[in-house]
Each structure stands twice: as C-alpha cells, then as structure tokens.
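Worksheet: one structure, shown below.
Values in this text are rule-based calculations from the coordinates and carry no lab data. Nothing here was measured: the structure is a model prediction, and the numbers come from that model. Neighbour counts run over all protein chains shown; Cβ positions are idealised from the backbone, glycine included.
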Amino acid sequence: MSTLIGHDSRVLFHFTIKLEDGSVADSTQLHGKPARLTMGDGSLTPQFEQCLLGLRQGEAKSFTLSPEQAFGLSNPDNIYHLDRAKFGADVEPKVGAIIVFDQPNGGELPGIVRAVQGMSVTVDFNHPLAGHTVTFEVEILGVDDQEEVL
C-alpha cells in the first residue's frame, strides 16, 4: 500500500471549495462524508488532479484554480429561454431553483432558473461554479495504488 498519490491511485479525501469572497460553495466536511476518487477517471479536471499528485496520506493542501482550470467558463450557448408551458403544473420555476430535465438519452441534466418573465423561463445549464476562480482545500485521508488492489 502506497501513501503517495500517483496517476492510478484511489484517493479518499475531504475537500472544501471556496469562492473568491471566501464563502464555502461545497464541503465534504459539512456533510461528514469524505469523497472517493480514482485518479484519471475523469471525475475531476486534469488541473485539479495535477494538484493532488504527489500528496501523501495525512497531508493537507490548499490551491487556487482559475475558471478554465476548475469548472470552465460560463458558456452562453448553455443558457436557454423556455416556454413556461413546458413545465408541468407541479413545477413552479422560481429564480435560483434547480430543476432536473430529462434528456433524450435517458440521462438527467440539472439547470438553474435565472429569470422568469411572463411565459419565458431562462434556464442556465452551465455548472453552478462555471466562471468562478475557486480555492480547493483538501485533506488526504487514504491512498491505494490500483495495481496493488486485487
């Protein structure tokens, strides 16, 4: 068992994501449940993974990523103006609400309601942290090498 994070490691860690103003956007510690990830599985951006490489079990680190390195820039093509009639009677689109939409392939896509004007509802399908510089604070709880796991 290795305690150093490599390209194929499985990692158990706590993280906190902070915005530029210092406010917390997400934290596994608030939920009391650490995150698990396999390096290189695509669940994190390559830049985030690069920051984790070489860290050891028990180590904590803080790093800041630009929007391009973290959740991307806000893409205006991901903002849609939908007819209010497309929402069911049981769904009240309110500004700030997150609504999950069914996709043709059977998947789901969450969107944030940005505006409601008459019969027009503006829905943003960008990641909620797109366009933000973020600071990640991580605490590495455990590291396993994939090659050592049977």
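Descriptive notes on the structure:
- Against the compact-protein benchmark of 2.2 N^0.38 Å, the Cα-based radius of gyration of the chain scales to 1.27.
- Viscosity 1.567 mPa s, temperature 4 °C, Stokes-Einstein D of segment 76-124 from Kirkwood C-alpha radius, µm²/s: 117 µm²/s
- Compactness relative to 2.2 N^0.38 Å, alpha carbon Rg of segment 1-90: 1.44
- Positive-end residue, the chain charge dipole about Cα centroid, Cβ charges, pick of 99, 57, 35: 99
- Taking every DSSP helix (H) stretch of at least 4 residues in the chain, weighting each as -39,500 (n - 2.57) and dividing the sum by the residue count yields a mean residue ellipticity at 222 nm of -1500 deg cm²/dmol.
- Inter-label distance, nm, simple model (7 Å from Cα along the C-beta direction), residue 133/residue 8: 3.8 nm
- Karplus-derived 3J(HN,Hα), 6.51/-1.76/1.60, for each residue of segment 102-119, Hz, glycine and proline x: 7, 9, x, 7, x, x, 10, 9, x, x, 9, 6, 9, 7, 10, 9, x, 9
- Computed about its Cα centre, the charge dipole of segment 76-124 is approximately 180 debye, with only Lys, Arg, Asp and Glu carrying charge at their Cβ.
- Total lysine pairs in the chain at Cα distances under 26 Å, for residues eight or more apart or on different chains: 5.
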